[in-house]
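Novice: Okay, handing you the structure first.
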Amino acid sequence: MKTIQAHNLRKTYKGGVQALDGLSFEVEAGTIFGLVGPNGAGKSTAVKILTTLSRADSGEARVAGLDVVGDAERVRRSIGVVGQKTGLDPDSTGRENLQMQAEIYGLHGTERRARVRELLERFGLADADRRLAKTYSGGMQRRLDVALGLVHRPKVLFLDEPTTGLDPEVRAELWREIERLALDEEMTILLTTHYLEEADRLASRLAIVDRGRVVAEGTPDELKRELRGDTIHFELVESGNGDAAAALVELSGVSDVSVDGRTVRARAVDGAAAIPSLISALEQGGLKVASATVARPSLDDVYLQHAGRSFKPNETNQEEVEVAA
Amino acid sequence: MRALRDTRQVALRYIRAILRQPAWIGISLVQPVIWLLLFGALFKRTADIPGFTGGSYIEFLTPGVVVMLAVSAAGFVGMGFIEDINRGTMDRLLVSPIWRGALNLGSVAQAVLSIVIQSMIVISLSLLVGAHFRNGLAGVAVLVGLAGLLGAVFASLSNGVAVLARQRETLIGVVTMVTLPLTFLSSALMQHSLLPGWIRWAAKFNPVNWAAEAGRSATAASPDWNLIGTRIGFLALLLVASAAFATRAFNSYQRSI
């Protein structure tokens, strides 16, 4: 059964920015599905449409078998949403946040009290339940956000970049929690992320989104298998030019050569065996190699292959760069 | 039932937030005192103007200050919505099955509560400095009710503008531009018969004036219940329209994101 269906979604914002350009994908019940792509790829817009927050200009979307426009009210009852921005109320305590959320979803009295207590304990917030949420650490706030999304035991959970801005330890902890939700509670989870390793680890299927459409879809292994062979990176002593690429392309068994400043990337069936001939080809072209690395294909390479651009930290995660600066 | 329950949850949240800001409480309690005493001193000689029939100026002024406070407090209620939108709280509520009307009405309920308390402070203070409200408790209750009703109208308008503009500066600009002229195009500070003709004409269409004249009449020796009733009716209609506007504004917000 398909729990989430997006069909040919299009949306253009005022001012002419086209966020979605015919986005389609389907998510099987009880699985974690990853939407992967850089900022501005359209992931968040897709989540907003599927969660009834926003509307597509055209196309169709169904969640839990319900149309997100015609049946918005029932869709809202079936889904849990953890948005990219924190949705908690900083001027309320953790407990008050959960209590209000429970009331809104129709849990009252003892039922509400039991559910709130259960979530506070499960997310390690029981000792901080009477502190204002604005005094929580980033990790605690994110856990409260997830708890808020789970109050009514939704069957479908949307996680929009849940780990952006979290430190690695907190991120790993949240990953374990997400895995548990899919496994123990048989939830269908749609996860958007620009961390390829996150999608690789959590999602059983994923779609790579670029400029508002899906450019590749499959299991992480399938996508990586598409790229036969290894990825080879060379660091040059000085910046290269097109000649370097030209020299490499002529070698047999080498493909997908690209040059970016001092970095040269190429793929070869057996990376280790290909390195000597590649180095000599580069040096014949007058380019000195400072270092060479061989790697098994990663989702980053898959992304590069399909989107035609690399997945560099400085263009994929501005938020993190700002935090670091 | 659900509408009430949701509204109560939203109201409780905003009330809690306000109770946790001691500075805000302090300012809201002191502000009515300053206004009443300052306007009272500034316009004291108004009572000497030939044709002034309002008795002591403080008695005349009190309903006007109550109404002005209601408008000024309600105008900035939309700030809460802008904060909620900026930090994502509003989006969380909008993807929940909460009754849409509760978002505005809950926030309005908090505003009305603050306005009722502020009004009672002003009235107590003016009693303390010697004012007599000839119509007793009933008249005072009607005045406080009118302030709350007017406040609810302006709070709803503020919320609607906040959702559409989503920028503090815009909201501040709109509120400043609208509230001061509305206050002065009314009989809040000056007896109706002493107003220039064109202001008297404009005041007919001014909700601030509706509340001011009805509130003043209610506290006078012989209230004009016909006037009070129709003004309450106008304000109630306006409240329905402005609450609908604030709630509908979310549709426009959701289309834009």
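No lab work stands behind these numbers, since they all come straight from the coordinates. All values reported here derive from a predicted model rather than from experimental measurement. Glycine also receives a Cβ, built like all others from the backbone with ideal geometry; neighbour counts cover every protein chain displayed.
Novice: Normalising by the residue count of chain A, find the relative contact order in percent from Cα pairs under 8 Å and 6+ residues apart.
Specialist: Details: 618 pairs, mean separation 63.1, N = 325.
Worked out over chain A, it gives 19 percent.
Novice: Among B:Val10, B:Pro32, B:Val142, pick out the residue whose Cα is farthest towards the positive end of the charge dipole of chain B, where Lys and Arg carry +1 and Asp and Glu carry -1 on C-beta, about the Cα centre.
Specialist: B:Val10
Novice: Quick check: the angle from helix B:22-42's long axis to the longest principal axis of chain B, C-alpha only, nearest 10 degrees?
Specialist: Orientation of helix B:22-42: about 30 degrees from the principal axis.
Novice: By what distance, in whole Å, do the Cα atoms of the stretch B:1-113 stretch along each of the three principal axes, largest value first?
Specialist: Principal-axis extents of the stretch B:1-113 (Cα, largest first): 61, 30, 19 Å.
Novice: Further question: Can you work out D for the protein assembly as shown in µm² s⁻¹ from Stokes-Einstein, where Rh is the Kirkwood radius over C-alpha pairs, the temperature is 4 °C and the viscosity is 1.567 mPa s? Write out the running numbers ahead of the final one.
Specialist: Working: Rh = 27.7 Å.
In µm²/s, the coefficient rounds to 47.
Novice: Shifting gears a bit: With 5 Å bins from zero, work out the P(r) of the stretch A:61-183 over every alpha carbon pair and list the percent per bin.
Specialist: Taking all Cα pairs of the stretch A:61-183, the binned fractions are 2, 11, 21, 23, 21, 13, 7, 2, 0 percent.
Novice: With +1 on each Lys and Arg Cβ and -1 on each Asp and Glu Cβ, how big is the dipole of the stretch A:228-296 about its Cα centre, in debye rounded to the nearest 20?
Specialist: Working: 6 positive and 9 negative charges, 39 e Å.
In total the dipole reaches around 180 debye.
Novice: Further question: If you filter the stretch A:107-188 for GluC sites (Glu not before Pro), then keep DSSP loop positions with at most 13 other Cβ within 10 Å, what is left? Don't skip to the answer; put the middle values down first.
Specialist: Numbers: sites: A:Glu111, A:Glu118, A:Glu121, A:Glu169, A:Glu173, A:Glu177, A:Glu179, A:Glu185, A:Glu186; in loops: A:Glu185, A:Glu186.
For GluC sites (Glu not before Pro) across the stretch A:107-188 that sit outside H, G, I, E and B with at most 13 neighbouring Cβ atoms in 10 Å, the list reads A:Glu186.
Novice: Return the loop-located chymotrypsin sites (Phe, Trp or Tyr not before Pro) in the stretch A:11-93 (DSSP other than H, G, I, E, B) with at most 15 other Cβ atoms within 10 Å of their own Cβ; answer none if there are none. Write down the numbers at each step before the final one.
Specialist: Values: sites: A:Tyr13, A:Phe25, A:Phe33; in loops: A:Tyr13.
Listed in order of number, the matching sites are A:Tyr13.
Novice: Give me the dipole magnitude in Debye, nearest 20, for chain A about the Cα centre, with unit charges on the beta carbon: positive for Lys and Arg, negative for Asp and Glu. List each step's numbers first, then the result.
Specialist: Numbers: 42 positive and 51 negative charges, 210 e Å.
Roughly 1020 debye, rounded to the nearest 20.
Novice: Same structure again: List the residues, sorted by chain then number, that are 5 or more residues from A:Gly22 or on another chain and whose placed amide H is less than 5 Å from its amide H.
Specialist: A:Leu9, A:Arg10, A:Lys11
Novice: Separate question: Using the charge dipole of chain A (Lys, Arg: +1 at Cβ; Asp, Glu: -1 at Cβ; taken about the Cα centre), state which of A:Thr231, A:Gly87, A:Thr293 has its Cα farthest towards the positive end.
Specialist: It is A:Gly87.
Novice: Once the other residues with Cβ under 11 Å from the Cβ of B:Asp224 are scored (Lys, Arg +1; Asp, Glu -1), what is the net sum? All intermediate terms of the calculation are to be shown ahead of the outcome.
Specialist: Details: positive: B:Arg216, B:Arg231; negative: B:Glu213.
Here the charged neighbours net out to +1.
Novice: Okay, next question. Enter the mean projected area of the convex hull around the alpha-carbon atoms of the stretch A:72-119, in nm², rounded to one decimal. Each step should come with its number before you reach the end.
Specialist: Details: hull surface 15.8 nm².
That works out to 3.9 nm².
Novice: Here is a further query. What are the semi-axes of the equivalent ellipsoid of the stretch A:2-224, taken as the square roots of 5 times the eigenvalues of the Cα gyration tensor, listed largest first and rounded to whole Å? Don't skip to the answer; put the middle values down first.
Specialist: Details: eigenvalues 165, 75, 54 Å².
So the three semi-axes of the stretch A:2-224 are 29, 19, 16 Å.
Novice: At what distance in angstrom do the alpha carbon centres of the stretch A:168-224 and the stretch B:110-183 lie from each other?
Specialist: Between the Cα centre of the stretch A:168-224 and that of the stretch B:110-183, the gap is 51 Å.
Novice: Loop only per DSSP, at most 12 neighbouring Cβ atoms within 10 Å: give me the trypsin sites (Lys or Arg not before Pro) in the stretch B:192-236, ordered by residue number. Provide the component values of the computation, followed by the final result.
Specialist: Details: sites: B:Arg200, B:Lys204, B:Arg216, B:Arg231; in loops: B:Lys204.
Passing both the DSSP loop test and the Cβ count: B:Lys204.
Novice: Right, next: Calculate the all-directions average of the projected area of the stretch A:228-296's alpha-carbon convex hull, and give it in nm².
Specialist: Values: hull surface 14.9 nm².
Its Cα hull, projected and averaged over all orientations, spans 3.7 nm².
Novice: What's the long-distance tail for the stretch B:142-249, i.e. % of Cα pairs beyond 24 Å?
Specialist: On the way: 1615 of 5778 pairs.
Summing the P(r) tail past 24 Å for the stretch B:142-249 gives 28 percent.
Novice: Sticking with this one: Can you tell me the orientation of helix B:100-128 relative to chain B, as the angle in degrees between its alpha-carbon axis and the longest Cα principal axis, to the nearest 10?
Specialist: Taking Cα atoms only, the helix is inclined about 30 degrees.
Novice: Restricting to Cα pairs below 8 Å that are 6+ residues apart, what does the relative contact order work out to for the stretch A:228-296? Please round to a whole percent. Each step should come with its number before you reach the end.
Specialist: Working: 132 pairs, mean separation 32.9, N = 69.
Here the relative contact order equals 48 percent.
Novice: Calculate the all-directions average of the projected area of the stretch A:1-60's alpha-carbon convex hull, and give it in nm².
Specialist: Values: hull surface 16.7 nm².
One quarter of the hull surface, i.e. the mean projection, equals 4.2 nm².
Novice: Can you give the Kirkwood hydrodynamic radius for the stretch B:2-256, in Å, rounded to one decimal and based on Cα pairs? If you can, show how the numbers build up before the last one.
Specialist: On the way: mean 1/r = 0.0533 Å⁻¹.
It is 18.8 Å.
Novice: In addition: Treating the angle as unsigned and between 0 and 90°, give the value, to the nearest 10°, between the Cα long axis of helix B:225-256 and the longest Cα principal axis of chain B.
Specialist: 20 degrees
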